[in-house]
Amino acid sequence: MSHRTNWKGAVAVALSLTILGLAACGSSGGAISHLSKRAFVSDDFDGTLHIEDAATDVESGFTIATGNQPGAMVLSPDKTITLVFDAGDSSLAVVSNSSETALGRIVLPNLSTGYVSMSDNTVGFVAVPNCPLASCGGFSNVVALVDLATTFAITGSVNVALDTATMNYVPLNVATTLVKSPTDSKLLLFGGPADRQDAFTVIDTGLAETTPATAGTLMAGPAFDKPVSAVFTTDGTKAFILNCGAECGGMAASVTVVDLTTTPPTTGASIPLPGGGATTGLLNGTTLYVAGSPPGTGCGTASLHATSCGTLQTIDTGTLTASAPVVITDGFHNHMELASNGQLFIGARTCTNINTANEVRGCLTIFDTTKSTVAVPCLTVPTVQFCLNQVNFDVTGIAPISSRNVVYVVQGGELKIYDTTTDGLTPTQIDVVGKAVDVKYVDK
């Protein structure tokens with residue numbers, strides 16, 4: 001595996017909004033793969049998306065040129081386009097999944113981490129922290145509207161709502177995480193890892209497209225304790241706010257229900273998570289899965305012999321009651337996907353790979369939702385180094401492959417393929433030459 005040095009570092013970027021190098025963007029040789037099942041893997045080293053044959057787990061040899069250092073990706077709701085963030089020049093590439101080409105690239109005013117695409121595939125939203133005032137309408141932290149279809153440029157900026165009475169929402173990196181409702185009507189904005197406050201912003205996306213400066217509503221109050229993300233109900237009328245609590249320097253983790261059908265939105269009940277954490281979640285029917293890493297040992301007797309542990313809890317969204325915590329690997333959890341056979345894949349970054357007993361824990365946990373059992377791949381192996389070379393380090397992408405018992409996971413710059421019937425690696429693996437950052441399954 002080759003590495004690019006300082007691949008996460010921020011670089012200076014041009015502030016003008018231009019379309020860059022479109023003629024050079026596209027699939028290998030101008031051809032397309034014609035594969036029935038495709039997974040895109042962003043490669044920070046060679047500046048492309050690798051197109052993997054997700055039906056046979058084979059490297060296809062086809063790539064899509066997207067820029068300098070492609071990283072995190074977001075699929076449009078209908079899976080027709082993929083947004084690819086490039087940390088090398090703070091740009092956002094818009095990729096057509098059918099033609100396997102980059103349609104355009106939008107240069108952003110600053111390094112960004114959150115972005116979403118609307119269902120019509122013509123408008124996107126990008127969270128821009130520390131935005132130069134001259135480029136962002138006089139605001140330092142904004143959610144920028146971008147044209148994904150024609151001009152590939154920023155068309156407006158939504159100001160991050162500020163509580164002028166308390167001034168409690170003015171951290172440096174406020175515009176970081178975006179969570180969009182299934183109906184496209186609401187967008188929730190949360191702060192960054194070092195700047196989480198007891199508030200978040202609700203954006204009316206319809207209003208944002210007409211009068212963006214007034215589209216944000218600040219949500220603050222005692223019900224929120226370092227909120228970092230949210231999970232919407234399927235109809236988009238409610239959001240479950242994940243309060244990071246003590247893990248992020250607050251008091252205690254919890255989940256707060258917010259009714260989005262009212263103006264302004266209404267804060268409802270809060271569900272405490274004693275002994276647990278809350279940084280990522282997933283709703284399956286009436287069961288909300290929530291993962292996090294509370295400070296301290298938090299491991300109990302079934303501790304995996306670890307010095308630090310994360311937790312997974314379920315919340316019954318009907319009764320608003322939480323289960324007891326289940327021990328999982330630690331770290332900051334920010335990926336969760338439900339795969340075949342009821343296997344819940346939970347990924348984290350900055351986990352504790354090796355404990356004092358020389359047992360190895362990775363940043364990936366697999367929870368069997370049908371049996372309530374936990375699998376930690378490569379927990380105990382003959383040698384520590386053997387395990388570290390295979391499956392540990394940060395999880396930066398998880399993609400279940402439809403109609404197969406297979407999940408693609410990016411860990412520590414490598415693509416790994418797991419079998420949901422065994423919770424282990426499949427016999428056939430794909431070697432991505434370079435540094436893998438994210439993976440998305442782009443076919444239905």
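Since every read-out is calculated from the coordinates, none of them should be taken as a lab result. If you're wondering where the values come from, they're calculated on a predicted model, not measured in any experiment. Cβ: placed from backbone, ideal geometry, glycine included. Neighbour counts: every protein chain shown.
Figures for the structure shown
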| item | result |
| --- | --- |
| Estimated inter-spin distance, Thr373 and Lys79, nm [label 7 Å along Cα→Cβ] | 3.0 nm |
| Set of aspartates and glutamates with alpha-carbon distance to Lys238 below 18 Å, sequence-local pairs under 8 removed | Asp184, Asp204, Asp259, Asp316 |
| Residues with amide H under 5 Å from that of Gly310, placed H, sequence gap 5 or more | Ile328, Thr329, Asp330 |
| Kirkwood-type radius of the stretch 249-299, with distances r between different C-alpha atoms, in Å | 12.5 Å |
| Vicinal HN-Hα couplings computed from phi for the stretch 260-269 (Karplus, 6.51 cos²θ - 1.76 cosθ + 1.60; Hz; Gly/Pro x) | 9, 8, 9, 10, x, x, 10, 7, x, 5 |
| Whole-Hz ³J(HN,Hα) from phi, Karplus 6.51 cos²θ - 1.76 cosθ + 1.60, for the stretch 220-236, glycine and proline x | 9, x, x, 6, 10, 10, 6, x, 10, 6, 7, 10, 8, 5, 5, 8, x |
| Calculated from backbone phi, Karplus (6.51, -1.76, 1.60) coupling profile of the stretch 395-412 in Hz, x at Gly/Pro | 8, 10, x, 9, 9, x, 9, 4, 6, 9, 8, 9, 10, 8, 10, 9, 9, x |
| Relative packing of 276-283, 424-431, 93-100, 46-53, which averages over residues the other C-beta atoms within 10 Å, highest first | 276-283, 46-53, 93-100, 424-431 |
| Counted charge near Ala239, where neighbours are those whose Cβ lies closer than 10 Å (Asp, Glu -1; Lys, Arg +1) | +1 |
| Segment Leu320-Asn405, length gained on full extension (0.36 nm per residue, minus Cα span) | 27.4 nm |
| Distance (nanometres) between label positions extended 7 Å along Cα→Cβ at Thr234 and Asn284 | 1.4 nm |
| Relative compactness, the stretch 51-157, computed as alpha-carbon Rg over 2.2 N^0.38 Å | 1.11 |
| Spacing of the two label points (7 Å from each Cα toward its C-beta) at Thr428 and Thr262, in nm | 5.5 nm |
| Using a Förster distance of 35 Å, the FRET efficiency for His34-Thr421 (Cβ separation, nearest 0.05) | 0.75 |
